[in-house]
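Below: the structure, in structure tokens.
The values are calculated or read from the model by the stated rules, or taken from the named source; none is laboratory data. For clarity, every value in this text was computed on a predicted model and none was experimentally measured. Note: ideal-geometry Cβ built from the backbone for every residue, glycine included; neighbour counts use all protein chains shown. When the accessible area is computed, the model is the full protein with side chains, heavy atoms only, and any ligands, DNA or RNA have been set aside. Shrake-Rupley method; radii C 1.70, N 1.55, O 1.52, S 1.80 Å.
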Amino acid sequence: PPPPPPKRIGNTGMKTKILNDLLAARDAKSATVLITDIDTGAQSLVVDGAATGDISITSDITDAIDAVMADDRGKTVDIGGKRLFVRAFNPPKRLIIIGAVHIAQPLVPMARLAGFEPIVVDPRGAWATPERFPDVTIDSRWPDDAMADLDPDSGTAVVALTHDPKLDDPALAAALRSKAFYIGALGGQKSAGKRRERLSEEGFGAADFARIHGPVGLDIGAISPAEIALSIMSEITQTRRRYKLKQAA
């Protein structure tokens with residue numbers, strides 16, 4: 001059964017429709033923000049950029065939404081003479097790593113420290129072993145099958161590290177069809193060009209390719225696996241913290 005409605009705020013409690021929509025959005029792991037007028041109790045819900053409710057979403061409110069989504073918390077703001085409580089309901093953070101390679105080994109603990117659940121996807125049994133990745137969820141299926149079940153949402157980052165199109169391309173294609181907030185792929189400009197050619201044959205275009213961070217990671221001059229992992233985790237953090245929730249037209 002759904003949890004009881006929260007305590008009343010202002011003159012009215014949470015409306016049944018808002019509550020039901022909020023619960024449905026959380027079940028669907030959608031990026032969701034609840035906006036409440038503290039004095040009147042009026043509310044609006046923003047789910048994946050689409051707003052419903054009594055409060056009109058102005059540019060100032062959009063800025064507040066961006067801030068709470070990036071900070072993953074609630075915040076009281078004064079906008080247009082109104083006191084609004086803006087609260088984010090982000091999906092749990094996950095990092096899906098395609099390829100149990102050397103870079104993945106330091107990347108896993110870095111992801112955990114940043115609050116992400118790391119998941120390693122690799123069908124190659126010699127690489128994806130509990131000895132190399134202790135206490136880590138290892139999915140030994142091929143990436144297309146694994147990604148179908150993992151179903152990346154707006155709290156998920158996907159990083160392809162194998163340099164093998166048979167493994168990276170299906171994972172990237174699934175990520176591009178998903179709400180994943182970050183998609184990264186190892187390899188230089190030449191590799192990226194060939195990847196675009198292959199993915200274009202599956203119907204992807206320029207807007208899709210712009211979502212792929214490649215070469216993956218911030219340009220910090222990284223050389224060793226640990227340094228590359230650090231650059232990747234830094235770029236994931238940068239992307240998440242600068243996340244902008246766009247309103248639907």
Where Phe209 falls short, out of the listed (1) at pLDDT 95 or above; (2) over 28 Å from Gly125 (Cβ atoms); (3) open to solvent by 70 Å² or more (accessible area, probe 1.4 Å):
(3)
Of the conditions (1) without any contact (Cβ under 8 Å) to a residue 12 or more places away in the chain; (2) assigned to a loop (DSSP other than H, G, I, E, B), Pro215 clears all except one; give me its number.
(1)
The lone condition Ala148 fails out of (1) open to solvent by 10 Å² or more (accessible area, probe 1.4 Å); (2) closer than 30 Å to Asp66 by Cβ; (3) of a type outside the set (Phe, Trp, Tyr); (4) assigned to a helix (DSSP H, G or I) is (2)
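Take Pro123 and decide whether it is at pLDDT 95 or above and not in a loop (DSSP other than H, G, I, E, B). Spell out how you get there, then give the answer.
Working: at pLDDT 95 or above: yes; not in a loop (DSSP other than H, G, I, E, B): no.
Against the criterion (at pLDDT 95 or above and not in a loop (DSSP other than H, G, I, E, B)), Pro123 does not qualify.
Would you point out which residue out of Ala31, Ala24 is open to solvent by 10 Å² or more (accessible area, probe 1.4 Å), within 25 Å of Ala67 (Cα to Cα), of a type in the set (Gly, Ala, Ser) and modelled with pLDDT of 65 or more? Spell out how you get there, then give the answer.
Numbers: Ala31 fails: open to solvent by 10 Å² or more (accessible area, probe 1.4 Å).
It is Ala24.
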What pairs come out if I take residues in region 108-137 that are open to solvent by 10 Å² or more (accessible area, probe 1.4 Å) and pair them with residues that are among the charged types (D, E, K, R) and part of a loop (DSSP other than H, G, I, E, B) whose C-beta lies under 9 Å away, six or more apart or interchain?
Ala114/Lys93; Gly115/Asp72; Gly115/Lys93; Phe116/Lys93; Glu117/Lys93; Pro123/Arg141; Ala128/Asp122
